[in-house]
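These notes are about the structure you will find just below.
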Amino acid sequence: MSALSDNLVTFAILAYLVAMIGHAVEYALGNVRTRVATAAPVRELVGAGGGVVPTPPAPVPSPPTADRSARRARLAGLVGVGATAVAAVLHLAALVTRGLAADRMPWGNMYEFVLTVTFIGVAAWLVVLWKRPSLRKLGLFLTLVMVLLVATAELVLYVPIVPLVPALNSYWFVIHVSTIVFASGIFLLGVVPAVGFLMRNGYEQGKRSFPYTLAKRLPGAVGLERLTFALHAFAFPIFTFAVIAGAIWAEAAWGRPWGWDPKETWAFISWVVYAGYLHARATPSVKRNVATWIAVLGFLTMLMNLFGVNIFFTGLHSYGGLD
């Protein structure tokens, strides 16, 4: 069962790669629309009273090559969405088989944690895409993140299945870790439209240098910013509950609710930054791009808590599984 899980992760990475290529093709071709132009100078008809009645211009259909490009772009986008859905199914199957092989929830180390967070992110993306198909071109950036993170988990963070350390054998393991994983997955998805908004907003303001040119075919900046806020506003209360649940678990396990352990400290930093983002977003005097930068900073603190703390620090939460 463990080997099956490993193979499913590999297939999921390949499916995410196919999805990324499909979205990249759609992104490159763009949306080719039918153009209306005048085929000849406007002719004028002389009316009975001597007045001039202009005739409307004759619409010129888009050339066949443009129509083909538009169809190919849409087909590539749909292939990207389909491949993402297939990858998500393989991803979920890998987690289920890993859990069955370990006879526990698959959240015991960094490898399993990253696999679960990325699955939550892609599952939430598919829900968002189902609600708002116009956001499909964000799929290029979402699948790029999936390829990078899932491949990193498989190639760098992988560890064989081992029993949970004694401190994790508690019902709080499911309560605390499930909520922190879910919130982290939504924050992961939320950073995609956040970065997209920063690039698109700059592009709409006339900036044509890299990376603003990458946002040429993204949805409008206003819609991306609203999606960023909605995702963060949804995830923040869950993240808050996860931090509180962790403190309750720490009281039961270690006799104190808070000890400024490195992971506790960085969780608090992330909470403060995300709270700062929501406060800035609700403050009319704060520009939207400034607030969005705070959201991006919040995700960087989450990455630090996941990778930096587990790799470079030692504490009561050192469950990364890496030597």
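The values are calculated or read from the model by the stated rules, or taken from the named source; none is laboratory data. Keep in mind that this is a model prediction, so the values were computed, not measured. Virtual Cβ from ideal backbone geometry, glycine too; neighbours counted across all protein chains shown. These area figures cover heavy atoms from the full protein model, side chains too; ligands, DNA and RNA do not enter into them. Shrake-Rupley method; radii C 1.70, N 1.55, O 1.52, S 1.80 Å.
Tabulated data for the structure shown
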| read-out | value |
| --- | --- |
| Any hit, segment 79-96, residues being modelled with pLDDT of 95 or more, open to solvent by less than 40 Å² (accessible area, probe 1.4 Å) and hydroxyl-bearing (Ser, Thr, Tyr) | yes |
| Only listed residue being at pLDDT 90 or above and touching a helix residue (DSSP H, G or I) at 6+ places or on another chain (Cβ under 9 Å), chosen from Leu148, Leu198 | Leu198 |
| Unmet criterion (only one of (1) modelled with pLDDT of 95 or more; (2) of a type in the set (Ser, Thr, Tyr); (3) assigned by the TED database to the domain that holds Phe141) for Tyr27 | (1) |
| Residue check, Ile180 out of contact with any strand residue (DSSP E or B) (no Cβ under 6 Å at 6 or more places or on another chain) and either surrounded by fewer than 18 Cβ atoms within 10 Å (Cβ to Cβ) or not in a helix (DSSP H, G or I) (or both) | no |
| Residue check, Ala233 in a helix (DSSP H, G or I), at pLDDT below 90, open to solvent by 30 Å² or more (accessible area, probe 1.4 Å) and not basic (Lys, Arg) | no |
| Filter result (surrounded by 17 or more Cβ atoms within 10 Å (Cβ to Cβ) and within 22 Å of Val309 (Cβ to Cβ)) within segment 254-286 | Asp261, Pro262, Lys263, Glu264, Trp266, Ala267, Ser270, Trp271, Val273, Tyr274, Tyr277 |
| Selected residue (criterion: nearest to Leu300 (Cα to Cα)) from residues of segment 248-290 that are modelled with pLDDT under 90 and of a type in the set (D, E, K, R) | Lys263 |
| Selected residue [over 22 Å from the mean Cα position of the chain (by Cα), touching a residue at least 60 places away in the same chain (Cβ under 8 Å) and within 21 Å of Trp172 (Cα to Cα)] from Ala247, Ala252 | Ala252 |
| Members of segment 257-297 that are in contact (Cβ under 8 Å) with a residue 60 or more places away in the chain and either under 21 Å from Val222 (Cβ atoms) or not assigned by the TED database to the domain that holds Ala183 (or both) | Arg288, Asn289, Thr292, Trp293, Ala295, Val296 |
| Residues within segment 74-110 that are in a helix (DSSP H, G or I) and not aliphatic (A, V, I, L, M), tallied | 9 |
| Segment 293-308 - residue that is farther than 15 Å from Ala235 by Cβ and of a type in the set (Phe, Trp, Tyr) and, of those, farthest from the chain's Cα centre (by Cα) | Phe307 |
